[in-house]
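Remarks on the structure that follows.
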Amino acid sequence: MADCPKCGTGVSTPRKSWKMAGRPDKKGKRMQLEIGLFDCPKCKKSFRVVLSKKKI
C-alpha cells in the first residue's frame, strides 16, 4: 500500500510496475528496484513508489 504524497490517501494497487537497476553503492553492488505507478482516487494525482529493493 502506498500513500499519496499530496493528500495522504492510501492506494492499494499500482496501475503499472516495472524493475530497473539502481545506482551502485560504494562497494560497486547495484540495487534492483521495483517501482510502482499509482493513481490517487481522491485528488487524481499520479505518483511513483519504490515497492522493493534487492542487491544484484
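Brief remarks on what is shown
- Selection count, the range 23-49, where residues are exposed (fewer than 15 other Cβ atoms within 10 Å of the Cβ) and small (G, A, S): 2
- Residues (of a type in the set (D, E) and either more than 12 Å from D3 (Cα to Cα) or in a loop (DSSP other than H, G, I, E, B) (or both)) located in the range 16-45: D25, E34
- Of the residues making up the range 46-56, those that are part of a strand (DSSP E or B), of a type in the set (A, V, I, L, M, F, W, C) and over 12 Å from P5 (Cα atoms) are V50, L51.
- The listed residue being of a type in the set (D, E, K, R), surrounded by 10 or more Cβ atoms within 10 Å (Cβ to Cβ) and within 13 Å of the chain's Cα centre (by Cα), out of K53, K6: K53
- Among the residues of the range 1-48, those that are modelled with pLDDT under 95 and among the β-branched types (V, I, T) comprise T9, V11, T13.
The values are calculated or read from the model by the stated rules, or taken from the named source; none is laboratory data. Keep in mind it's a predicted model, so treat the numbers as computed, not measured. Every residue, glycine as well, gets a Cβ built from its backbone with ideal geometry; the counts of neighbours run over all protein chains shown.
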